[in-house]
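This report concerns only the one structure given below.
The values are calculated or read from the model by the stated rules, or taken from the named source; none is laboratory data. Model, not experiment: these values are computed from the prediction. No Cβ is skipped: glycine too gets one built from the backbone with ideal geometry, and neighbour counts run over all protein chains shown. Remember, those area values only see protein heavy atoms, side chains included, never the ligands or the DNA or RNA. Shrake-Rupley method; radii C 1.70, N 1.55, O 1.52, S 1.80 Å.
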Amino acid sequence: MSFVTTKDNVSIFYKDWGPKDAQPIFFHHGWPLSADDWDNQLLFFLAEGFRVIASDRRGHGRSDQVSDGHDMDHYAADVAAVVKHLDLHNVVHVGHSTGGGQVARYVAQYGQPQGRVAKAVLISAVPPLMVKTPDNPGGTPLEVFDGFRQALAANRAQFYLDVATGPFYGFNRDGAEISQGTIQNWWRQGMIGSAKAHYEGIKAFSETDQTADLKAITLPVLILQGDDDQVVPYKNASLLQDELISNSTLKVYPGYPHGMHTTHPDTINKDLLEFIRS
């Protein structure tokens, strides 16, 4: 397996497939998953001739289960370490959910200033801010995230099964086509990560104000989200992202859930490919 060691001595696992002279696409996973969440996209874009990279966030998947650094600043710095190690340029960064926040922080603070990024894609992403505050009245109440933390600490295995079976993929909707394999794969990825990293990651994805990150990004950004996202409400996410990013393209899919790149890969992959090649 391939790892890079960060400045604070954390081993970050990554996959790097395809021709080294092809344009790289870097995929960033959501909470509490791993690079494996992008299996469909990695194989699809590999077949289209791209170089595909995906890493496990610290405390997730096969990366070190360290005690500290479970915040957007460290997440972005860890991405920068992988990018530097592989000496990547002209990269398209694609982030889902918490991974979208990771992309926004990385691109704004590292990738764009260093001239390493070509484009970015935010899928069902958490910015600008999830939690409800006086300045963010459309956000989700803090009590909801406190409930996540309580459920995780009480019985993480059951909590992860409930999330995957229910709102993440919209499998709780009437008439939903339920995939038991998808549920089990979500649970598998979550359970190999660190309970501490996942517990503290809830604060990172819900309470990090990334308004400044979005405003700083000037390169082309594709914003994708479903209007039946039960995890990250689209009116407080993708619609605001489109307002804050100066060079963005927004597409909202009727009826699509939070994990739509898994439930509707043919549609999402087609739109990603069109944007990347445009």
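Computed on segment 1-99, the Cα convex hull volume stands at 88 Å³ per residue. Per-residue extension of 0.36 nm, minus the Cα-Cα distance of LYS203 and LEU43, leaves a gain of 54.4 nm for this segment. A viscosity of 0.692 mPa s and a temperature of 37 °C, combined with the Kirkwood radius over C-alpha pairs in the Stokes-Einstein formula, give segment 95-144 a diffusion coefficient of 276 µm²/s.
When only alpha carbons of segment 209-278 are considered, Rg and Dmax amount to 12.3, 33 Å. A P(r) calculated from all alpha carbon pairs of segment 187-231, with 5 Å bins opening at zero, reads 5, 14, 13, 19, 22, 17, 9, 2 percent. Springs between Cα atoms under 10 Å define the GNM used for the chain, and in it the highest mean-square fluctuation of ALA54, ALA154, ALA118 occurs at ALA154.
Based on C-alpha pairs under 8 angstrom that are at least 6 apart in sequence, the chain has a relative contact order of 20 percent.
Placing one equal scatterer on every Cα of the chain and applying the Debye formula, the log10 ratio I(q)/I(0) at q = 0.14, 0.16 Å⁻¹ is -0.95, -1.30. On the beta carbon distance between ASP73 and ASP266, with R0 = 30 Å, the FRET formula returns roughly 0.25.
Size descriptors for segment 146-191 (Cα atoms only): Rg and Dmax, in that order, 11.0, 32 Å. Per-residue 3J(HN,Hα) values for segment 30-35, derived from phi via the Karplus relation 6.51 cos²θ - 1.76 cosθ + 1.60 with θ = phi - 60°, read x, 7, x, 8, 8, 4 Hz in sequence order (x marks Gly and Pro).
Global dimensions of segment 79-231 from alpha-carbon coordinates: Rg and Dmax equal 16.8, 47 Å. Solvent-accessible area per residue in segment 39-177 equals 39 Å², computed with a 1.4 angstrom probe and all protein chains kept.
Positive contributions from Lys and Arg (+1) and negative ones from Asp and Glu (-1), summed over other residues with Cβ under 12 Å from the Cβ of TRP38, come out at -3. Pairwise inverse Cα distances across segment 115-180, averaged and inverted, put the Kirkwood hydrodynamic radius at 14.8 Å.
Note: segment 227-266, Cα convex hull, 71 Å³ per residue. Tell me, how many Å apart are the Cα centres for segment 123-170 and for segment 1-80? A separation of 23 Å, based on Cα centres. Across all directions, the shadow cast by the convex hull of segment 155-225 built on its C-alpha atoms averages 6.9 square nanometres.
Taking every DSSP helix (H) stretch of at least 4 residues in the chain, weighting each as -39,500 (n - 2.57) and dividing the sum by the residue count yields a mean residue ellipticity at 222 nm of -12500 deg cm²/dmol. Label positions at MET1 and THR218, each projected 7 Å from the Cα along the C-beta direction, are separated by 4.0 nm. Taken over segment 145-278, the ratio of Cα radius of gyration to 2.2 N^0.38 Å equals 1.15. Using the Cβ of MET260 as centre and a radius below 14 Å, the other residues enclosed give a net charge of -4, where K and R count +1 and D and E count -1.
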